[in-house]
Amino acid sequence: MNGATPVDDMTFEDALKELERIVGRLESGDEALDSSIALYERASLLRQRCAERLDAAQARIEAIRLDAEGRAAGTTPFAAS
């Protein structure tokens, strides 16, 4: 996957789009074995990146503090990785 963007530099949306493209290529059955293995390895990294970003988003949402009436009253600082 020469010239591919490093997974750690990708947004959730970009990682998900690339993951979907890779799944399509793998499902087609047209890839050679070596290419399939490289695609699978890249897909694994992309899946991990997406999971990390979703976990970080969930933690940020859970960090929102509510007031007595259940309205958002502020946030608790969260350091996403």
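The values are calculated or read from the model by the stated rules, or taken from the named source; none is laboratory data. Values in this document were obtained by computation on a predicted structure and should not be read as measured data. In this analysis, Cβ positions are derived from the backbone assuming ideal geometry, glycine residues included, and neighbour counts consider all displayed protein chains. These area figures cover heavy atoms from the full protein model, side chains too; ligands, DNA and RNA do not enter into them. Shrake-Rupley method; radii C 1.70, N 1.55, O 1.52, S 1.80 Å.
Tabulated values for the structure
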{"read-out": "From phi via Karplus (6.51, -1.76, 1.60), per-residue ³J(HN,Hα) for region 32-46 in Hz, x at Gly/Pro", "value": "5, 4, 4, 5, 4, 5, 5, 5, 4, 5, 5, 4, 4, 5, 5"}
{"read-out": "From phi via Karplus (6.51, -1.76, 1.60), per-residue ³J(HN,Hα) for region 54-63 in Hz, x at Gly/Pro", "value": "5, 4, 5, 5, 5, 5, 5, 5, 5, 7"}
{"read-out": "Probe 1.4 Å - accessible area at ASP55, Å² to nearest ten", "value": "100"}
{"read-out": "Integer Hz, Karplus 6.51/-1.76/1.60 couplings in order for region 18-29, x for Gly and Pro", "value": "5, 4, 4, 5, 5, 4, x, 5, 5, 5, 5, x"}
{"read-out": "Most to least packed among 22-28, 10-16 [average Cβ atoms within 10 Å]", "value": "10-16, 22-28"}
